[in-house]
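Enquirer: Would you mind keeping the following structure in view while I ask a few things?
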Amino acid sequence: MPDNYTEEELLDLARRYSFRSRMDRSGVTGPIFVWGRGSVVRDINGKEYLDFNSGQMCAALGHNHPRIVQALQESAESLIHSHMTMYNDREIILASRLAEITPPGLNRSMFLTSGSDSNEAAMAIAKRYTGGYEIASPVVSFHGMSDAARAVTFSGWHGGYGPYAPGNYPIMAPYRYRCAFCQDRPACDYTCLDSSFELLDAQSDGRMAGVITEPLFSAGGVIEPPPGWLQELKLRCERRGMLLILDEAQTGLAKLGSMWASEQEGVVPDIFTISKHFGGGIAISATITTDEIEEKAVETGLVVAHSHSNDPLTCNAAIASLDIILEENLVDVADRIGRYWKGHLQQLQQRHELIGDVRGRGLLQGIEFVTDRVTKEPAYSQGQQIGRTCLENGLIMSIRRQGSALRFVPPFTTTQDQMDLAADILDHAISSVS
Ligand SMILES: Cc1ncc(COP(=O)(O)O)c(C=O)c1O
């Protein structure tokens, strides 16, 4: 049990035995977490933190939600793991429950374990359906660190693992704040898309299968595409017979104040994927598509199966998570929390010149630091220092874009008092470097 060890003893063990392959961190340092409830986690020394990262975004329903705990207990009494090829009751019920809330026509789900494998499955389906093999993705999009997912992740963590399979192409980011085409114009005119598709058409082998994208780019720095961008992207895909795959790992299931981000954009994707808080903290993901696409993929002999696909325990946790999302009206909760937190960020922006941009919505928001609001020179070291100071003072969030952006993902359980406290911690941290 962790209470038999001190922090130093555990760090010493970690230095000797843990593989240091973590994102954003190579040193072995504290805090070491041992407990969590709602929006708070506690480290081994008893210090509490506001978790505005929701764990790794997977605890957005709140740490150790009692209904998730209950679902795990039920599965522990009935069936934890089952045959991958044969059906179990939990996965069938989950698929039917999910179909009640998915965008129109997207009724068919398969259940996997991680965001990466749900995206791999989505791309495999698109390849089977179209007969193509080429996939494009915006340069700020993140889709995971399995080989196929990393191959279409151009927002970082891409180099040094190749050669990848052929046919993965970056397209330009709809990053209005820094867009070379439209940052000084009143609106985006989709020049980025036109240029991207001109290049794609030129370099493609004529076998494009699809585009995979996040509807709001989280790991890339909380970048919101301008209105209409997703619709324009879908149009360009349709003209070429390419499928649109939306990765809603971070944006779906109520987080942005609607059940799906695609809904707010008025776009229905061909395939979409979910993971993160889908299992209320338990590892489960889904790849979801239409009857027609499923039918054709199956006809061509598509098989996607892993040892833990459709496990009853993870599916039962996901059923509980859907119950929580619907019964606790989490769409409205995300909207309410999002507006209040945005208010804090905007006030901080008025007080601190260092904050160049405030963006995102619902439970996924960010700020970008610049040394000068006109030149927009990124304030990398200041952002890193602010992130470190916040952590020391009990606020967890993620540092993105090498330090120039901070991302906040407070759980749905977060109260106004907790947001006031978080804003205070952030305010002090920014003042300390300004
Ligand atoms: C949008 C998005 N897609 C996919 C993934 C990969 O998910 P996983 O780490 O579960 O493989 C992530 C992880 O952060 C993500 O943010």
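Enquirer: Sort out which residues of region 372-403 are in contact (Cβ under 8 Å) with a residue 60 or more places away in the chain, among the hydroxyl-bearing types (Ser, Thr, Tyr) and more than 15 Å from Arg25 (Cα to Cα), and write them in order of number.
Expert: Within region 372-403, none qualify.
Enquirer: Next up: Among the numbered conditions (1) touching a helix residue (DSSP H, G or I) at 6+ places or on another chain (Cβ under 9 Å); (2) modelled with pLDDT of 95 or more; (3) over 30 Å from Glu295 (Cβ atoms), tell me where Phe181 comes up short.
Expert: Condition (2) is where Phe181 drops out.
Enquirer: I've got another one for you. Given region 189-283, what helices (runs of 4 or more DSSP H) lie entirely inside it while holding 1 or more residues that are within 30 Å of His63 (Cα to Cα)?
Expert: Filter on region 189-283 gives 261-265.
Enquirer: Are there any helices (runs of 4 or more DSSP H) wholly within region 51-132 with 1 or more residues that are closer than 16 Å to Ile282 by Cβ and more than 20 Å from the chain's Cα centre (by Cα), and if so which?
Expert: Per the criteria, 66-77, 89-99.
Enquirer: Could we say that Gly228 is in contact (Cβ under 8 Å) with a residue 40 or more places away in the chain, within 16 Å of the ligand (Cβ to nearest atom) and either within 25 Å of Pro103 (Cβ to Cβ) or open to solvent by 70 Å² or more (accessible area, probe 1.4 Å) (or both) here?
Expert: Answer is no for this residue.
Enquirer: Out of everything in region 87-117 that is of a type in the set (Gly, Ala, Ser) and without any contact (Cβ under 8 Å) to a residue 12 or more places away in the chain, what residue ends up being nearest to the ligand (Cβ to nearest atom)?
Expert: Only one residue tops the list, namely Ala99.
Enquirer: Follow-up question, since we're still on this one. Checking the condition modelled with pLDDT under 95 and either in a loop (DSSP other than H, G, I, E, B) or touching a strand residue (DSSP E or B) at 6+ places or on another chain (Cβ under 7 Å) (or both), which residue from Ala305, Ala286 passes?
Expert: After ruling out the rest, the residue left standing is Ala305.
Enquirer: State yes or no: is Phe142 buried (at least 19 other Cβ atoms within 10 Å of the Cβ), within 15 Å of the ligand (Cβ to nearest atom), assigned to a loop (DSSP other than H, G, I, E, B) and in contact (Cβ under 8 Å) with a residue 60 or more places away in the chain?
Expert: In short, yes.
Enquirer: Scan Ala249, Ala254, Ala286 and give me the residue that is within 11 Å of the ligand (Cβ to nearest atom) and either open to solvent by 10 Å² or more (accessible area, probe 1.4 Å) or aliphatic (A, V, I, L, M) (or both).
Expert: Ala249
Enquirer: On to the next question. Only residues that are within 22 Å of the chain's Cα centre (by Cα) and either open to solvent by less than 80 Å² (accessible area, probe 1.4 Å) or within 16 Å of the ligand (Cβ to nearest atom) (or both): list them for region 10-50, please.
Expert: Hits for region 10-50 are Ser21, Arg22, Met23, Asp24, Arg25, Gly36, Gly38, Ser39, Val40, Val41, Tyr49, Leu50.
Enquirer: Let me ask something else about it. Among the numbered conditions (1) surrounded by fewer than 17 Cβ atoms within 10 Å (Cβ to Cβ); (2) more than 16 Å from the ligand (Cβ to nearest atom), tell me where Ser75 comes up short.
Expert: So the condition that Ser75 fails would be (1).
Enquirer: Look at region 257-273 and say how many of its residues are open to solvent by 20 Å² or more (accessible area, probe 1.4 Å) and within 16 Å of the ligand (Cβ to nearest atom).
Expert: Final tally of qualifying residues: 1.
The values are calculated or read from the model by the stated rules, or taken from the named source; none is laboratory data. Just so we're clear, the structure is a prediction, and the values are computed from it rather than from any experiment. Please note: Cβ atoms are built from the backbone with ideal geometry, for glycine as well, and neighbour counts cover all protein chains shown. Side chains are part of the model used for accessible areas, which takes the heavy atoms of the whole protein and leaves out ligands, DNA and RNA. Shrake-Rupley method; radii C 1.70, N 1.55, O 1.52, S 1.80 Å.
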